[in-house]
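Only one structure is covered here, and it is reproduced in the block below.
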Amino acid sequence: MDSEHSLVGHEEQRAQLRGDITIGKLAHAYLLCGKKHLGKFTLAKWFASEILTQGQTEGEKLRAQKLMKKNVHPDLLILDQLWIADMCTDWDVIARSSNISQEERAKKKVRTNTIGIDDVRELQRRLHETSQTGKTVCLIRSLERLNIEAANALLKILEEPPPHVLFCCTTESPSSLPPTILSRMRIMECAPLPAEKLRPLLSSFDEEERSLLLTIAQGAPGLIFRALENPEFVRALKQLHIRAHRFLEGHSGVERLGELLHTLGEGEERDFVHHLLLHVEESLRSPYRSVVARALALAHQLFSFLSILQSNPQRPLLAAHLTLQSLSL
């Protein structure tokens, strides 16, 4: 179980959740919404810990939290990662984040991170087990992963939940979920954190790296923690940062198109476009406002190009079209 010191921000949400516990008015299902890497699932784990250790001594809490960290607490059910590319048969690795049985997935060789009907059926079976603390908490990450069958099965559970069961789920896209599911959950929004909340985490980086990471994170502490754990991630970000900067500074449409196609060939278009738009945002704050209109126009063209690239077989024509537009900027 993630300790509270790794849960950054979201004080208002924590206060609300603590209040629900204190007054005994817990909803049977919560949905934490917000963009990726905000710490929604860390908040959900913290909430589960608060519920399952309520009224316990400090020693009992420590023992319970150790079990939660290992995903073996009998009253905590977790649906997190269900598929890891190139490691699909290593169920022990997957079990480090999800403690719902993978037996059916192994039998059927399910190679997807989608939450399917077998996952929900196994979850439902576990929900009826006797609870040791009097409460069973079920955490589901990225509820938008539900396929239609699984969504219908989960809806039936939410319509008539066992009285001792509480769900706490997360999503990046509440609008993609069936309204019938949303109507049966208490929805809590999680917003990006201000830079002053994240800056103390970056004391081990130099000022240039701190500035870069705060720009890239855009209020998401998960990206900061990833940078702290993985120096290679920081180096990769620097390279993307340099390439995006060069792309915007290019005076030749041919040069810009060459960089674009090089990036597309490496399969990194999503990250590259993200960095490109971050540079556009920086330009809006800079004294070089004369390049902003050109940068914005180019960024919009690039997004339009990428959105149809995957489904359109006429890639040479699309590339030529983008070249002509770029040369006019």
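Bear in mind that the values in this text are calculations on the coordinates, not laboratory data. Quick caveat: nothing in here was measured; it's all calculated off a predicted structure.
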Reduced Cα scattering model of the range 188-250, Debye log10 I(q)/I(0), q = 0.16 Å⁻¹: -0.54
Distance histogram in 10 Å bins (all Cα pairs of the range 4-189, percent per bin): 9, 38, 39, 13, 1
Long-range HN-HN contacts of Leu166 with modeled amide H, under 5 Å: Thr136, Val137, Cys138
Long-range amide H partners of Gly39 with built H, under 5 Å: Gly222
Cα principal axis extents for the range 143-235, largest first, Å: 53, 24, 23
Long-range amide H partners of Leu146 with built H, under 5 Å: Ile115
Contour excess over end-to-end distance, with Cα ends at Thr57 and Glu207 and 0.36 nm allotted per residue: 49.7 nm
